[in-house]
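Engineer: Below is a structure I'd like to ask you about.
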Amino acid sequence: MKKIVLFILLTATSLLWSQSLYSRYDFSMAPSSSFQQGLVGFINPANSALLQAPEARYYWNTRNKKTDWGAFAAVKGLGFGVCQRHSDGYSITDYKVSAAWGDRAFALGMGYGWSRGDRQQFARESEWSVGAVWRPMQYLSLGAAGYYGTENYEKKGVLEMGVRPFGTSFLTCFGDLYLNDHTRFNDCQWSAGAALQVAKGVNLVGRYFDTEQFTLGLSLDFGMSSYAHQQYFDAEQEHMYDSHQIRIGGMRDNLFTPLLGLDRSYVPLELRGAVNYQTFRISQDNEVAFYDVLRNIQACGTDPRVNVVALNISGLRVGSEKAWEIRTALADIREKGKSVIAFIDNCGSSQYLIASAADRIVMDPEGMLTLPGYLFNRTYYKGTLEKLGLKFDEWRFIKYKSAAEMFSRENMSDGDREQLNALLEDFYSTLHQEISESRSLSSGQFDDLVNEKVVLLPDETLEQGLTDTLARWIDLKDILKSKYGKHLMPLKPSLLRDHTLITDEWKERPRIALVYGIGVCAMDEGIRGRWLHKQFRNLAKDNSVKAVVFRVDSPGGESLPSDLVAEELRQCAKEKPVIVTQGEVAGSGGYWISMYGDRILAGPNTITGSIGVIGGWIWDDGFGSKLGLTSDHVQRGEHIDAIAGVSLPLLGRIPGRPLTDEENARVEKLVLTMYDRFIAKVAQGRNMDADSIRSLAQGRVYSGLDGMQVGLVDEIGGLLSAIELAKKDAGIHPDQLVEVVEIPEYKGWFDLGSQLSPLQTPAETDPVYQYIRMMLDNPYQPLFMVHPDKAVLTGE
């Protein structure tokens, strides 16, 4: 299709031309498709699609007594320009708007231009224009534009070609040909030249014209601004005039920004509210997007202007695993020489885990630090169900699979207590080690804080070496000045180098898909298996996506959506690298959808594993009669009456009888068969034998650390580590910038329905409620879930 469109444009423009466009567009240092996007859509309307950031440019020259000038502005896909010329007392002002579609590999555009002033003297008429830029490889750029007058129907056009022998912007050779419907092809005007990048942000440009005139230019980039100077010479090599350009827009890599702004800025990062994977963009005041936090911290580490990262974590609500990943990102930028200051007020364990990675911790004078340790707490509903007239039969045939015991017991089973104690040991050890090392505490000192102090007031945190200063976020500038002895300028996170850097590559940046599998494993909620498996199928076919990172944070659920997603992930992994990164929990069905990744990463506080099957039967033992409810039914099928019973809003139908011995025997066989299938699939995904998986399965949950020890996890790491591994496995150079595409991706107001889950009441989002509903909605099915209470880890 691209070749067909370009052929049509090339054929059309070969019929064209009139007055010299070289004099009309002499501000341009090179053909528009070959060097720095020309005049961003004023010559070739397709150019605005090549932009990576909004740009504004201003040009002027000294050709006439009155200064000729041009002002051009564009965002990706839209451009506007105005250009004023003078000659022999006459003047003309040209205007053009343009729209474009595509990317740096292929773009199409169209525009409309009109003029005001002495139109007859300058031979102007309103005109439509069409254009295309095609870059089939990093070595070649082809451009074409045609112009069609609306009054005299004059036709003209330009063909352009650029060649990069080394595939980079180090050397760009270019040429163009102007055509019209009044001139023979052999008499058409042309130019040729080259642009040499002598250093980052420093380009020398030379251009020779068929009239034996030539230009020499110098372009200097200073980050988000540029200056260019160009000299024009006649056929006798006599200097005629100069032109100048100032650009403001996206950041270009250069030599000067590090020298001009080295270590002169600080970045304020205010983290307030709950840390979620994807936020509702219309109202973000109480939400923080997890990946945005990580990439902002990472970008601070690579920006030479940044001296200090000031982190305000007052009011942050974050789980222990995400806290560890944020802490790890902060530790990485400290290794790169950046300083980190953390502000806290009422602070718990997870918030302090993040803060302890800072060089300096500042606490509010009226704040409070709470370090109570960790607690796994279960709530058991057996007695409640009995009082309501409900009974529950647990389908449990393996030791550690405890997801249903909350309804069948009054306290922890031995298996559950054993696995939770093991989790606590690793979680507490991680907290102990990270904080003790960062704040130079002995093992005994930390244990004393937890076991004796628990809650510390601001003065006590200073005495114990847990904080360094008492102050408030509003005092940040004073603290920075006293600490570093110089005035630091604030730099918004959105203006960090990695977020704004634009490149002059003739190809799109490699894309890595970041896919989220969040929530229960169900077809149309949680991970949305019906939708998610299609995403992996599409990604497998998408050649622009070089690797996939799959973030799993799921307690499991049903087998069908789990296997549907897992199988498509396995097929996708045959086409490109797939790295799985597990969040707070990736158990049972959550592990199922992870197991076919090329590598599985987990944090030390991840809850993973739980390879097993569980289920139960909740039935009416007087509940309906207490409420005055009765039910009746007709049936075809000997066992269908097992699910007959009264129905309630929100909960649905409650079975009216227990299962028979025959039915229970069938359930046991079904559960154990599904368990064997689960083990076989894990063995295949992890390249282990089934007996090894069976020995470590039994429904047991593991921390990320223990999961790596037993072979369920490959490495300890988080989301950023997974992205770096994906780059490496895809053969992408570590220094190469990539585009991370989040799936699902928020696309604006018109995409809300497809990307956001339906609004739910607090009761409907409660994990216990979700588990009961899942049992009632799937009455005969065993489930692949960790405990719905997620063993609520308190003390975070």
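The values are calculated or read from the model by the stated rules, or taken from the named source; none is laboratory data. As the structure is a computational prediction, the values presented were derived from the model and not from experiment. Cβ coordinates were reconstructed from backbone atoms using ideal geometry, including for glycine residues, and neighbour counts include every protein chain displayed. Areas reflect the complete protein model, heavy atoms only, side chains present, ligands, DNA and RNA absent. Shrake-Rupley method; radii C 1.70, N 1.55, O 1.52, S 1.80 Å.
Engineer: Filter the stretch 100-123 down to the residues that are in a loop (DSSP other than H, G, I, E, B) and either open to solvent by 20 Å² or more (accessible area, probe 1.4 Å) or at pLDDT 90 or above (or both) and list them by number.
Structural biologist: Within the stretch 100-123, the first condition is being in a loop (DSSP other than H, G, I, E, B), and the residues that meet it are 103-105, 118-123.
Once the filter is applied, which keeps residues that are in a loop (DSSP other than H, G, I, E, B) and either open to solvent by 20 Å² or more (accessible area, probe 1.4 Å) or at pLDDT 90 or above (or both), the stretch 100-123 yields D103, A105, D118, R119, Q120, Q121, F122, A123.
Engineer: So which residues in the stretch 371-385 are basic (K, R) and free of Cβ contacts under 8 Å to residues at least 60 places away in the same chain, if there are any at all?
Structural biologist: Let us first name the residues in the stretch 371-385 that are basic (K, R), namely 378, 382.
Matches in the stretch 371-385: K382 only.
Engineer: Further, regarding this structure: In this structure, does K541 turn out to be of a type outside the set (A, V, I, L, M, F, W, C), surrounded by fewer than 19 Cβ atoms within 10 Å (Cβ to Cβ), over 19 Å from the mean Cα position of the chain (by Cα) and modelled with pLDDT of 90 or more? Let's see the steps before the verdict.
Structural biologist: Numbers: of a type outside the set (A, V, I, L, M, F, W, C): yes; surrounded by fewer than 19 Cβ atoms within 10 Å (Cβ to Cβ): yes; over 19 Å from the mean Cα position of the chain (by Cα): yes; modelled with pLDDT of 90 or more: yes.
In short, yes.
Engineer: Could you list, in sequence order, all residues of the stretch 213-232 that are in contact (Cβ under 8 Å) with a residue 60 or more places away in the chain and more than 19 Å from R305 (Cβ to Cβ)?
Structural biologist: Of everything in the stretch 213-232, those that are in contact (Cβ under 8 Å) with a residue 60 or more places away in the chain and more than 19 Å from R305 (Cβ to Cβ) turn out to be T215, G217, S219, A228, Q230, Y232.
Engineer: Tell me which residues, restricted to the stretch 202-223, are surrounded by fewer than 19 Cβ atoms within 10 Å (Cβ to Cβ) and not in a strand (DSSP E or B).
Structural biologist: D210, T211, E212, Q213, F222
Engineer: Now for a separate question. Could we say that N276 is at pLDDT below 90 and either surrounded by fewer than 21 Cβ atoms within 10 Å (Cβ to Cβ) or aliphatic (A, V, I, L, M) (or both) here? Steps first, please.
Structural biologist: Numbers: at pLDDT below 90: no; either surrounded by fewer than 21 Cβ atoms within 10 Å (Cβ to Cβ) or aliphatic (A, V, I, L, M) (or both): yes.
Criteria not met by N276.
Engineer: Going by the structure shown, is T461 touching a Ser or Thr at 6+ places or on another chain (Cβ under 8 Å), in a helix (DSSP H, G or I) and more than 30 Å from L142 (Cα to Cα)? Spell out how you get there, then give the answer.
Structural biologist: Working: touching a Ser or Thr at 6+ places or on another chain (Cβ under 8 Å): yes; in a helix (DSSP H, G or I): yes; more than 30 Å from L142 (Cα to Cα): yes.
It is true that T461 is touching a Ser or Thr at 6+ places or on another chain (Cβ under 8 Å), in a helix (DSSP H, G or I) and more than 30 Å from L142 (Cα to Cα).
Engineer: Quick one: would you say V97 is assigned to a strand (DSSP E or B) and either open to solvent by less than 40 Å² (accessible area, probe 1.4 Å) or free of Cβ contacts under 8 Å to residues at least 60 places away in the same chain (or both)? Let's see the steps before the verdict.
Structural biologist: Details: assigned to a strand (DSSP E or B): yes; either open to solvent by less than 40 Å² (accessible area, probe 1.4 Å) or free of Cβ contacts under 8 Å to residues at least 60 places away in the same chain (or both): yes.
So V97 passes the test.
Engineer: Looking only at the stretch 101-116, which residues are touching a Lys or Arg at 6+ places or on another chain (Cβ under 8 Å) and among the aliphatic types (A, V, I, L, M)?
Structural biologist: A105
Engineer: Here are some residues: S703, S647, S692. Which one is in contact with a strand residue (DSSP E or B) (Cβ under 6 Å, 6 or more places away or on another chain) and of a type in the set (G, A, S)?
Structural biologist: When all the criteria are applied, what remains is S647.
Engineer: Considering only the stretch 480-498, I want to know if a residue exists there that is open to solvent by less than 10 Å² (accessible area, probe 1.4 Å) and assigned to a helix (DSSP H, G or I).
Structural biologist: Scanning the stretch 480-498 turns up at least one residue that is open to solvent by less than 10 Å² (accessible area, probe 1.4 Å) and assigned to a helix (DSSP H, G or I).
Engineer: Given the structure, is R537 assigned to a helix (DSSP H, G or I) and touching a helix residue (DSSP H, G or I) at 6+ places or on another chain (Cβ under 7 Å)? Quick ask: steps written out before the conclusion?
Structural biologist: On the way: assigned to a helix (DSSP H, G or I): yes; touching a helix residue (DSSP H, G or I) at 6+ places or on another chain (Cβ under 7 Å): yes.
It is true that R537 is assigned to a helix (DSSP H, G or I) and touching a helix residue (DSSP H, G or I) at 6+ places or on another chain (Cβ under 7 Å).
Engineer: Answer with yes or no whether I693 is at pLDDT 90 or above, under 29 Å from M775 (Cβ atoms) and open to solvent by less than 60 Å² (accessible area, probe 1.4 Å).
Structural biologist: On the way: at pLDDT 90 or above: yes; under 29 Å from M775 (Cβ atoms): yes; open to solvent by less than 60 Å² (accessible area, probe 1.4 Å): yes.
Spelling it out, I693 is indeed at pLDDT 90 or above, under 29 Å from M775 (Cβ atoms) and open to solvent by less than 60 Å² (accessible area, probe 1.4 Å).
Here's the yes/no breakdown for (1) touching a Phe, Trp or Tyr at 6+ places or on another chain (Cβ under 7 Å); (2) at pLDDT 95 or above:
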position	(1), (2)
E125	no, no
Q138	yes, no
V158	yes, no
T172	yes, yes
L179	yes, no
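Engineer: When you look at V130, is it part of a strand (DSSP E or B), open to solvent by 40 Å² or more (accessible area, probe 1.4 Å), over 17 Å from G38 (Cβ atoms) and of a type in the set (A, V, I, L, M), yes or no? Working first, answer last.
Structural biologist: Values: part of a strand (DSSP E or B): yes; open to solvent by 40 Å² or more (accessible area, probe 1.4 Å): yes; over 17 Å from G38 (Cβ atoms): no; of a type in the set (A, V, I, L, M): yes.
Criteria not met by V130.
Engineer: When the stretch 74-94 is examined, which residues are found to be among the charged types (D, E, K, R) and not in a strand (DSSP E or B)?
Structural biologist: Step one: filter the stretch 74-94 for residues among the charged types (D, E, K, R), giving 76, 85, 88, 94.
K76, D88, listed by residue number.
Engineer: Contact list please: Cβ distance under 7 Å, first residue in the stretch 293-311 and farther than 19 Å from K322 by Cα, second residue among the small types (G, A, S) and outside any helix (DSSP H, G or I), pairs at least six apart or on different chains.
Structural biologist: The qualifying pairs are R305/S265; V306/S265; N307/S265; N307/S339; V308/S339.
Engineer: Would you pick out the residues in the stretch 511-534 that are in contact with a Gly (Cβ under 9 Å, 6 or more places away or on another chain) and either open to solvent by 50 Å² or more (accessible area, probe 1.4 Å) or in a loop (DSSP other than H, G, I, E, B) (or both)?
Structural biologist: I518, G519, V520, A522, M523, E525, I527, R528
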